[in-house]
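One structure is given below, encoded as structure tokens.
The values are calculated or read from the model by the stated rules, or taken from the named source; none is laboratory data. Computed from a predicted model, the values in this text were never measured in an experiment. All Cβ positions, even for glycine, are placed from backbone atoms using ideal geometry, and neighbour counts span all protein chains on display.
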Amino acid sequence: MSQPLSDAALDQLFRTARTYNGYLDKPVSTEQLHAIWDLMKFGPTSANMLPARLVWCTTDEAKAKLAACCLPANAEKVLKAPVTVIIGMDIDYHEQLPWLFPHTDAKAWFDGNEPLREVSAMRNSSLQGAYFILAARALGLDTGAMSGFSNDAVDAAFFAETPRVKSNFISTLGYGDPATIFERSPRPDFDTFNRIA
């Protein structure tokens with residue numbers, strides 16, 4: 001039976017974790033990128049569809065190409081971050097279901113129904129993006145998830161060879177610089193946005 005995590009772990013994942021706008025001059029290794037994936041891949045998705053397709057921009061060339069797709073403030077963040085990750089989504093994820101979800105013919109649920117695939121890809125790749133953030137935090141790294149870019153431009157720049165993959169959102173990754181964060185924005189109590197039915 002699982003036990004509750006310690007307060008220190010809960011702080012690192014949620015309570016004191018922040019979204020960073022800049023990072024310390026400290027590299028992030030390829031091994032750390034693999035370690036993030038090796039955690040986030042275990043997060044649940046519908047029928048284990050795993051629609052997210054990630055591009056890890058680590059080189060100056062890749063960062064410049066991505067920055068050109070962003071609003072100016074976000075372009076600067078991308079250029080300065082050790083890594084920026086594009087969380088993409090495969091609209092044809094269902095083609096992988098025979099081996100990802102072998103319990104039944106789940107591929108048939110999505111064949112010929114692109115609207116269902118699109119909404120499922122968005123929902124579940126967004127979940128995987130959240131798992132990415134938590135995996136990075138669990139491994140001692142920080143993130144800065146953002147929109148503020150042209151999805152069409154990112155798709156043309158990074159997914160031209162896989163046109164059924166579309167960008168969802170992007171996130172910087174590294175060791176966060178505390179000087180770059182704002183004061184904590186409000187976090188309401190339970191009764192503000194919840195009800196028990």
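Observations on the structure shown:
- Taking first residues from the range 1-25 that are part of a loop (DSSP other than H, G, I, E, B) and partners that are of a type in the set (Val, Ile, Thr) and surrounded by 15 or more Cβ atoms within 10 Å (Cβ to Cβ), the Cβ contacts under 8 Å between residues at least 6 apart in sequence or on separate chains come to 18/181; 20/143; 20/172; 20/180; 20/181; 21/180; 21/181; 22/180.
- Residue identified as surrounded by 10 or more Cβ atoms within 10 Å (Cβ to Cβ) and either at pLDDT 95 or above or assigned to a helix (DSSP H, G or I) (or both) among 187, 117: 117
- Hits in the range 140-177 (condition: over 12 Å from residue 89 (Cα atoms), of a type in the set (D, E, K, R) and assigned to a helix (DSSP H, G or I)): 152
- The single residue among 45, 30 that is among the hydroxyl-bearing types (Ser, Thr, Tyr), surrounded by 15 or more Cβ atoms within 10 Å (Cβ to Cβ) and either in contact with a Leu (Cβ under 9 Å, 6 or more places away or on another chain) or modelled with pLDDT of 95 or more (or both) turns out to be 45.
- Filtered by the rule that a residue be more than 22 Å from residue 176 (Cβ to Cβ), among the aliphatic types (A, V, I, L, M) and under 13 Å from the mean Cα position of the chain (by Cα), the range 122-153 gives 122, 127.
- Filtered residues of the range 134-180 (kept if more than 24 Å from residue 68 (Cα to Cα) and of a type in the set (A, V, I, L, M, F, W, C)): 134, 135, 136, 138, 139, 141, 179
- Here residue 75 passes the criteria (1) touching a helix residue (DSSP H, G or I) at 6+ places or on another chain (Cβ under 6 Å); (2) within 22 Å of residue 140 (Cβ to Cβ); (3) in a helix (DSSP H, G or I); (4) of a type outside the set (Ser, Thr, Tyr) except the one numbered (2).
- Flag if residue 99 is out of contact with any Cys (no Cβ under 6 Å at 6 or more places or on another chain), more than 24 Å from residue 119 (Cβ to Cβ) and either surrounded by fewer than 19 Cβ atoms within 10 Å (Cβ to Cβ) or charged (D, E, K, R) (or both): no
- Unmet requirement for residue 147, which otherwise passes all of (1) buried (at least 20 other Cβ atoms within 10 Å of the Cβ); (2) in contact with a strand residue (DSSP E or B) (Cβ under 6 Å, 6 or more places away or on another chain): (1)
- Scanning the range 172-183 for residues that are surrounded by 15 or more Cβ atoms within 10 Å (Cβ to Cβ) and either over 15 Å from residue 85 (Cα atoms) or out of contact with any Gly (no Cβ under 6 Å at 6 or more places or on another chain) (or both) yields 173, 174, 175, 176, 177, 180, 181.
- Verdict on residue 142 being modelled with pLDDT of 95 or more, closer than 27 Å to residue 56 by Cα, touching a Leu at 6+ places or on another chain (Cβ under 6 Å) and crowded, with 16+ Cβ neighbours inside 10 Å: no
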